[in-house]
Amino acid sequence: MAATTLRYRIEDARSLVVGVGRPVPLLDGRAVPYVNLDNAASTPPLRPVLDKLNQFMEWYSSVHRGAGYKSRVATKAYDEAHEIVADFLGADLRYNTVIFVKNATEAVNKLAHRMARIDGLVIATGMEHHSNDLPWRRTGPMDYVEVDRRGALIPEDLEEKLKRHQGRVKLVAVTGASNVTGFTNPIHELAALAHRYGAKILVDVAQLAPHRRVDMRPDDDPTHLDYLVLSGHKIYAPYGTGALIGPKSTFLSGDPDLVGGGTVDIVTVDSVAWTGLPDKEEAGSPNVAGAVTMAKAMLVLKDIGMDQVAEHEKSLTRYALERMADIPGLRVYGSADPDEVGGRLGVISFNLGDTPHALVAAVLAYEAGVGVRNGCFCAHPYLLKLLAVPEDEAKRRRDEILRHDRTNLPGMVRASFGIYNDRGDVDRLVDALRLISGRSYRGRYRLEPFHGAYYPEGFEWALGEAWGWE
């Protein structure tokens, strides 16, 4: 693969991201530049990534089986994308493989398909996203590592559970960073613990990889990370690709979870010979454009420098926590200490007095042009613990949801930063939260129980004017 020379800097990040500063309409008739603080869900594309996509589409064609020039170009780009992902994550391709999938959810499910064939249990944690919990429930018995009252993982509890189940644990599944509190986990220490007791470890780095350097480390290192999963849509390449990285030995034997075109060397009416990796696990025509863009995003981030990305986001998170501390009634979940930004990402979840989280999110959107997320963030058990919801109340809320009534849905508001956010974005958020705290917002909002969302009375966004099919 040819060397690539890039010249990107964290100071220029705002100009590197598509859509920054796009005006959006407000309730009072004004249009203001949009402030996107929902990066923990999905990040906007980097401009160099979009440019690379447009450049590549001139050469888009079938991969691996086409004889024409464009097919050869597309195949080379697709194969090199695997190498770039491996390099970004410190994976040794002599022993490991990079498998492209749609997203981290599919990646975990793909590995769970393999793990279901192995006797034993999976240990997950009490802070996992549903995508790193629910697939493992299909593979056999599970146990969960406890979190403390702030929501931070208790490593000692992992060791206690590894001892209790010694010889039976086939995998430890842990997030690299929480999408709720932003807490980062000591993944290499956890890996060493898992290996000491004969287990392998999977780390979900979908939330971590866009913000901190991730290194699988050599396979013979006790702190080596056995499996990684991530999504392009969280790493500034929202074009429908993710990756599963792990030992070739895991995937060489047995049938893949999806079968069909591209997965075989030869087929007869009574036999199938599977092809090599990663093709065996990438059934059908792949998302070549998505693979190219995810690889390009990683090249840009690597050129900026993940240490620079981390320092920028630590500084911004510290500033946000300092400013939010003065808002009456605001409670941050996890850590609100500006001096603890070294152990967390720029993910800040909070509630504002007795104002419903959905109403806070609505006012921010309609009256300040600030986009956040509210709810449970696909981590329901973790949220209920952080909110200290009693079991009887949790049951009532579950029953209400099953009746399609989310009026009292427990939850929080989440603001999450990307490389392009700045102090001006934080100031817009904080100023709006002050208005909400003082009940000084303009609109009258009605609750729609089915979705649990609030909408201003007498006003509706003309969404079709922003974007259409013509």
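Counting just the residues of segment 340-353 that are farther than 15 Å from Leu429 by Cβ and touching a residue at least 12 places away in the same chain (Cβ under 8 Å), which one comes out surrounded by the fewest Cβ atoms within 10 Å (Cβ to Cβ)? Checked segment 340-353; the qualifying residue surrounded by the fewest Cβ atoms within 10 Å (Cβ to Cβ) is Gly342.
Can you confirm whether Asp265 is within 18 Å of Phe88 (Cα to Cα) and surrounded by fewer than 17 Cβ atoms within 10 Å (Cβ to Cβ)? No, not satisfied.
Of the numbered criteria (1) within 30 Å of Trp467 (Cβ to Cβ); (2) of a type outside the set (Asp, Glu); (3) outside any helix (DSSP H, G or I), the one Ala81 fails is (3). The condition of being more than 24 Å from the chain's Cα centre (by Cα) and at pLDDT below 95 holds for only one of Gly254, Gly276, that being Gly254. All conditions but one from (1) surrounded by 22 or more Cβ atoms within 10 Å (Cβ to Cβ); (2) without any contact (Cβ under 8 Å) to a residue 24 or more places away in the chain; (3) polar (S, T, N, Q) apply to Asn421; the one that does not is (2). Just one of the numbered conditions (1) modelled with pLDDT under 95; (2) buried (at least 22 other Cβ atoms within 10 Å of the Cβ) is not true of Phe100: (1).
Does Asn421 satisfy being within 30 Å of Glu11 (Cα to Cα), part of a loop (DSSP other than H, G, I, E, B) and either in contact with a Lys or Arg (Cβ under 9 Å, 6 or more places away or on another chain) or of a type in the set (Gly, Ala, Ser) (or both)? Give the steps one after another, and end with the answer.
Working: within 30 Å of Glu11 (Cα to Cα): yes; part of a loop (DSSP other than H, G, I, E, B): yes; either in contact with a Lys or Arg (Cβ under 9 Å, 6 or more places away or on another chain) or of a type in the set (Gly, Ala, Ser) (or both): yes.
Yes, satisfied.
Return a yes/no flag: does segment 67-77 have any residue that is closer than 30 Å to Ser349 by Cα and outside any helix (DSSP H, G or I). Scanning segment 67-77 turns up no residue that is closer than 30 Å to Ser349 by Cα and outside any helix (DSSP H, G or I).
Taking segment 246-325 and the helices (runs of 4 or more DSSP H) fully enclosed by it, the elements with 3 or more residues that are within 17 Å of Ala209 (Cα to Cα) are at 288-304, 306-324. May I ask you to list the residues in segment 377-416 that are open to solvent by 70 Å² or more (accessible area, probe 1.4 Å) and of a type in the set (A, V, I, L, M, F, W, C)? Passing the criteria: Ala388, Leu402.
The values are calculated or read from the model by the stated rules, or taken from the named source; none is laboratory data. Fair warning: this is a prediction, and the values are worked out from it, not measured in the lab. So basically every Cβ, Gly included, is an ideal-geometry build from the backbone, and we count neighbours across all protein chains shown. We work out accessible area using only protein heavy atoms, side chains counted, and drop any ligands, DNA or RNA first. Shrake-Rupley method; radii C 1.70, N 1.55, O 1.52, S 1.80 Å.
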